[in-house]
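Inspection log for the structure reproduced underneath, given as structure tokens.
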Amino acid sequence: MRQFFPVEDLARDERFVQTNMAERMADTRVPGGGSQTSSKKASSRSSTNRLTPDRHDASDRARGLMHGIMVGEIQALEGAGRTAHDFDAGDGSGDTIPFALKLDMARQAWDEARHVEISAKLSAWMGTEIGEFQENTVLFEAACSNDPVLRLAGVNRALEGLAIDVFTQMKEFGDLAGDPYLEFCEDWMLADEVTHVKMGSDWLRKVTENDPERRSRALEFQQVVDKLFSFGGARGDTAESSFQLARRFRELAGFTDDEVDTIAELDEQALAERKAAVRAMNAASAAN
Amino acid sequence: MGDAPAPERTTARAPFAPWDRRDLPGMFDVAETARRVGNYKWAEMKLFEALGGWIATVPELDVKMRLGTHCYHHAWHAELWHKRLPELREMKPERLTQPANEAMVRFMDAMTEPEAPELTIEKLVGAYRVLIPRFIAAYTYHRNNTSEITDAPTIRSLTFILQDEIDDWRDGEMMLQSLISTEHDVERAAAHQARLEAIMVEAGGIAGPGTIGPTTVMNGGSPTTDSTTEGDA
Ligand SMILES: [Fe+2]
Ligand SMILES: [Fe+2]
């Protein structure tokens, strides 16, 4: 088995259809995808883009989101397993990670396996079939860095931070929709994700304690991933965002207020950029 | 009846209750226990790394999830052994975190070689039909032969770990039985198992020759292992 495993080789059965970030943004069935979330049609029916049961498209959106969560959990499982595998135990320098970090990654693999189990059950409960929506593999890409600290920043802090926001939203959706089953499961997954983000925060600080340059590279990478996974501002503090930043849970997971503010700014930037892109696209299609 | 004097009560009791049959003698001194525990930790680490690495390489969704779950089990075993080593006078656990011998290294290399998505059977055979049964054997021998009194902490870990190993072995074996559906599959599984088993036999088990104790009787009844007679041949 190779030391590092490329995203193109991720093993899937024939039901799965994989896609990249650009294609995903054009898929109108997923939150933040396509131009629908910012179109007049969508905003005329709802005062915000938040996923609430009274939306006309609530069922499809929730199903698409749950499928997205499930494939995200599969990749999180794969990423944690790879990090447990790819680096030898050592002092954290070079190609090594501390033994205790390897153990944490193995623990995370188990947690993510449960999350796949939970989200597969919830998807079935919601009437979704595996492979009904496309799988965006960019999550695993963030887990492919040759620097384990970048993986902690990109996966544990940025992506699992996003998971905290998404699960908080889904828990709320379950509550509003009167679905205690959904709310119960999201509550449990949220507890695990806070643990994983905290793992990322703690290890990132510890491993880069005497290497400020490596730390700042990791934090820069985290910002890139944070912005990418803002899904064009679908996640953010604004009313137009589908997902709010779950500030309290992020705090529990080791984020400082400043760090959450920075993510909110990145989300706003991403939203503005997406709006501009949609305007340009609409102008181009009107001209044709 | 009511007039009989109450018998005098005493709190003096034997140190061992009548039902407690634990005894002092054990086969392993502190150094030998530490050596074995170091070999166990090394092998558990190699196993959890392999299971973790394979998750992304297997297309079967149920297998993918079981590998993730089992990856943690073996990481936890490695952690228990890591923590036991300083209690056995090894203050640098890394020093004893070693393979039993060179053949064990070759075994792990051969076991972790399959990567392609169509090789799930080979991956599972290596872990669940060769390595984990060897863990069960090594741990059972250790638990049954160490001092029940002086080495109680190792026994406690062995008991927890053995439960995991047996449960995981059953999971893995059932996954294999569900995947092996043609004669060709049977041949693949058997061929891979034979190849790995041969290297494991060379290694003598997870803790090297004598992993599960002397197995033959020679020289007027004193037991010895094949490997210990090797040098005399
Ligand atoms: Fe997760
Ligand atoms: Fe997670």
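The values are calculated or read from the model by the stated rules, or taken from the named source; none is laboratory data. Quick caveat, the model's predicted, so the values are computed rather than measured. Cβ placement follows ideal geometry from the backbone for every residue including glycine, while neighbour counts extend to all protein chains displayed. The protein model used for the area step is the full one, side chains on, heavy atoms only, and it has no ligands, DNA or RNA in it. Shrake-Rupley method; radii C 1.70, N 1.55, O 1.52, S 1.80 Å.
Tabulated values for the structure
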read-out	value
Any chance B:Leu162 is closer than 28 Å to B:Lys64 by Cβ and touching a Leu at 6+ places or on another chain (Cβ under 8 Å)	no
Selection within region A:143-194 - in contact with a strand residue (DSSP E or B) (Cβ under 7 Å, 6 or more places away or on another chain), within 12 Å of ligand 2 (Cβ to nearest atom) and among the polar types (S, T, N, Q)	none
Of residues in region A:96-119 being free of Cβ contacts under 8 Å to residues at least 60 places away in the same chain and more than 16 Å from ligand 2 (Cβ to nearest atom), the one nearest to A:Val138 (Cα to Cα)	A:Lys102
Meets criteria (away from ligand 1 (no atom under 15 Å from the Cβ), assigned to a loop (DSSP other than H, G, I, E, B) and open to solvent by 10 Å² or more (accessible area, probe 1.4 Å)) for A:Gly92	no
Leading residue by the ranking (most open to solvent (accessible area, probe 1.4 Å)) among those in region A:197-224 that are within 17 Å of A:Ser145 (Cβ to Cβ) and within 16 Å of ligand 1 (Cβ to nearest atom)	A:Met199
Close pairs from region A:65-91: first more than 10 Å from chain B (Cβ to nearest Cβ), partner part of a strand (DSSP E or B), Cβ under 6 Å, at least 6 apart	A:Val71/A:Glu135
Qualifying positions in region A:67-85 - under 14 Å from the mean Cα position of the chain (by Cα) and either within 13 Å of ligand 1 (Cβ to nearest atom) or under 28 Å from A:Ile97 (Cβ atoms) (or both)	A:Gly68, A:Ile69, A:Met70, A:Val71, A:Gly72, A:Glu73, A:Ile74, A:Gln75, A:Ala76, A:Leu77, A:Gly79
Check on B:Arg13, touching a residue at least 12 places away in the same chain (Cβ under 8 Å) and surrounded by fewer than 24 Cβ atoms within 10 Å (Cβ to Cβ)	no
Of the criteria (1) facing chain A (nearest Cβ under 7 Å); (2) touching a residue at least 24 places away in the same chain (Cβ under 8 Å), which one B:Phe28 fails	(1)
Within region A:106-121, considering residues that are among the aliphatic types (A, V, I, L, M) and within 13 Å of ligand 1 (Cβ to nearest atom), the one farthest from the other protein chains (Cβ to nearest Cβ)	A:Ile118
So A:Lys102, is it at the interface with chain B (Cβ under 10 Å from one of its Cβ atoms), out of contact with any Ser or Thr (no Cβ under 7 Å at 6 or more places or on another chain) and either over 26 Å from A:Ser230 (Cβ atoms) or polar (S, T, N, Q) (or both)	yes
Filtered residue count, region B:96-131, keeping only those that are away from chain A (no Cβ under 13 Å) and not in a loop (DSSP other than H, G, I, E, B)	14
Per-region count, region A:79-96, residues more than 18 Å from B:Leu47 (Cβ to Cβ) and not hydroxyl-bearing (Ser, Thr, Tyr)	6
Selection within region A:105-147 - under 21 Å from A:Asp192 (Cβ atoms), open to solvent by 20 Å² or more (accessible area, probe 1.4 Å) and small (Gly, Ala, Ser)	A:Ala120, A:Ala124
Answer from B:Arg134, B:Arg89 - the residue that is outside any helix (DSSP H, G or I), open to solvent by 40 Å² or more (accessible area, probe 1.4 Å) and more than 9 Å from chain A (Cβ to nearest Cβ)	B:Arg89
Output for region B:55-68, where each listed residue is assigned to a helix (DSSP H, G or I) and open to solvent by 10 Å² or more (accessible area, probe 1.4 Å)	B:Leu61, B:Asp62, B:Met65, B:Arg66
Test: residue in region A:155-167 that is open to solvent by 10 Å² or more (accessible area, probe 1.4 Å), within 16 Å of ligand 1 (Cβ to nearest atom), within 14 Å of chain B (Cβ to nearest Cβ) and out of contact with any Phe, Trp or Tyr (no Cβ under 7 Å at 6 or more places or on another chain)	yes
Of all residues in region A:122-143 being farther than 19 Å from B:Arg66 by Cβ and either within 10 Å of chain B (Cβ to nearest Cβ) or in contact with a Pro (Cβ under 6 Å, 6 or more places away or on another chain) (or both), the one that is modelled with the highest pLDDT	A:Phe140
Any chance A:Ser44 is at pLDDT below 70, in a helix (DSSP H, G or I), open to solvent by 10 Å² or more (accessible area, probe 1.4 Å) and of a type in the set (Ser, Thr, Tyr)	yes
Residue within region B:75-84 that is part of a loop (DSSP other than H, G, I, E, B), of a type outside the set (Gly, Ala, Ser) and surrounded by 21 or more Cβ atoms within 10 Å (Cβ to Cβ) present	no
Flag for B:Leu47 being more than 7 Å from chain A (Cβ to nearest Cβ) and touching a Cys at 6+ places or on another chain (Cβ under 9 Å)	yes
First in region B:49-63 and modelled with pLDDT of 95 or more, second anywhere and part of a loop (DSSP other than H, G, I, E, B) and buried (at least 24 other Cβ atoms within 10 Å of the Cβ), Cβ under 6 Å, 6 or more apart	B:Ala56/A:Phe5
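Residue-by-condition table, conditions (1) open to solvent by less than 10 Å² (accessible area, probe 1.4 Å); (2) of a type outside the set (A, V, I, L, M); (3) at pLDDT below 95:
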| site | (1), (2), (3) |
| --- | --- |
| A:Arg61 | no, yes, yes |
| A:Gly68 | no, yes, yes |
| A:Gln75 | yes, yes, no |
| A:Gly81 | yes, yes, no |
| A:Leu103 | no, no, no |
